[in-house]
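Rule-based calculations on the coordinates, nothing more; no lab input. Keep in mind that what you see is a predicted model, and the values were worked out from it rather than measured. When we count neighbours, we look across all protein chains shown, and the Cβ atoms used for this are built from the backbone with ideal geometry, even at glycine.
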Amino acid sequence: MKRSAGPLFLAMLLALAVPTLASAQASIFLGGGATIPTGDFGDYAKTGWMGQAGVVANVGSNGLFVAGEGFYGSNKHETGGDKTNLYGADGQVGYRFGDQAKAGLYVAGLLGAMIHKYSPATGTGDSSTGILFGGIAGVDIPAGKVNVWVEGRWMNGRFSEGGDSSNTAFFGLFAGVSIPVGGSN
């Protein structure tokens with residue numbers, strides 16, 4: 001049985017986030033949306049879904065931010081009842097343009113760990129843990145005491161086993177809400 005780097009990576013992100021939450025303007029976020037497989041993953045997987053939760057904190061007052069999140073999603077396959085579940089954790093560094101009190105655009109890069117778990121309709125599946133990287137572009141809109149956001153993402157998990165390597169890449173369209181906690185909001 002393979003060991004998963006995902007839980008360890010998520011624990012490290014949370015350990016780094018706790019001091020940040022205590023001293024910075026931070027928010028907890030929840031979101032989800034559709035994932036559209038690309039590349040080799042798109043050859044057999046259908047459009048699926050993904051949910052995410054995490055913490056984001058501003059670094060200074062010039063738009064720079066850091067975030068950590070966990071995610072879980074599923075894509076059914078073109079044939080039979082097979083499916084692939086994707087889950088893991090990532091850290092992000094990004095920049096938000098404009099005044100925090102108004103709607104603004106943001107961009108970010110992400111790096112983390114992703115687990116690709118294949119589940120056939122019958123029989124035993126297989127899972128692989130790999131390195132995850134990607135990019136994000138979105139808009140967030142203040143709505144009272146919360147922010148509503150919509151973003152597009154490209155995420156790519158790189159897996160290597162026994163000298164073979166593969167990618168699990170997808171484009172996602174997500175929406176969610178951020179709730180401020182701690183710091184000076």
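Quick one: dipole size for region 50-185, taken about the Cα centre, charges +1 on Lys/Arg Cβ and -1 on Asp/Glu Cβ, in debye to the nearest 20.
With only Lys, Arg, Asp and Glu charged at Cβ, the dipole is about 320 debye.
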Requested in this report: Note down the relative contact order for region 23-182 as a percent, whole number, built from C-alpha pairs under 8 angstrom at least six residues apart.
Outcome: 24
Report summary line: Kirkwood-based Rg/Rh on the Cα set of region 99-174 evaluates to 1.16
Report summary line: Ranking VAL146, SER128, GLY172 by how far each Cα lies towards the positive end of the charge dipole of region 79-185 (+1 on Lys and Arg Cβ, -1 on Asp and Glu Cβ), the top one is VAL146
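What does the convex hull of the Cα atoms come to per residue for region 59-185, in Å³?
Working: hull volume 16.3 nm³, N = 127.
Hull volume normalised by residue count: 128 Å³.
Can you give the local net charge around PHE174? Use residues other than it whose beta-carbon is closer than 15 angstrom to its beta-carbon, Lys and Arg +1, Asp and Glu -1. Each step should come with its number before you reach the end.
Details: positive: ARG153; negative: GLU69, ASP90, ASP140, GLU151.
For residues surrounding PHE174, the net value is -3.
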Query raised in the report: In straight Cα distance, which aspartates and glutamates are under 13 Å from LYS117, not counting same-chain residues fewer than 8 positions off?
Result: ASP82, ASP126
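Give me SER165, SER27 sorted ascending by neighbouring Cβ count inside 10 Å, so fewest comes first. Please report the intermediate quantities before stating the final value.
Details: SER165 10, SER27 23.
Placing the least packed residue first, the sequence is SER165, SER27.
Cβ neighbours within 10 Å, averaged per peptide: list 118-129, 83-94, 171-182 in order, most packed at the top. Each step should come with its number before you reach the end.
Values: 118-129: 12.7, 83-94: 20.8, 171-182: 16.5.
Order by mean packing, descending: 83-94, 171-182, 118-129.
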**Report entry** Counted charge near ASN62, where neighbours are those whose Cβ lies closer than 14 Å (Asp, Glu -1; Lys, Arg +1)
**Finding:** 0
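Given +1 on the Cβ of Lys and Arg, -1 on the Cβ of Asp and Glu, and no further charges, what dipole in debye does region 91-163 carry about its Cα centre, rounded to the nearest 20? Please report the intermediate quantities before stating the final value.
Working: 6 positive and 5 negative charges, 33 e Å.
My answer is approximately 160 debye.
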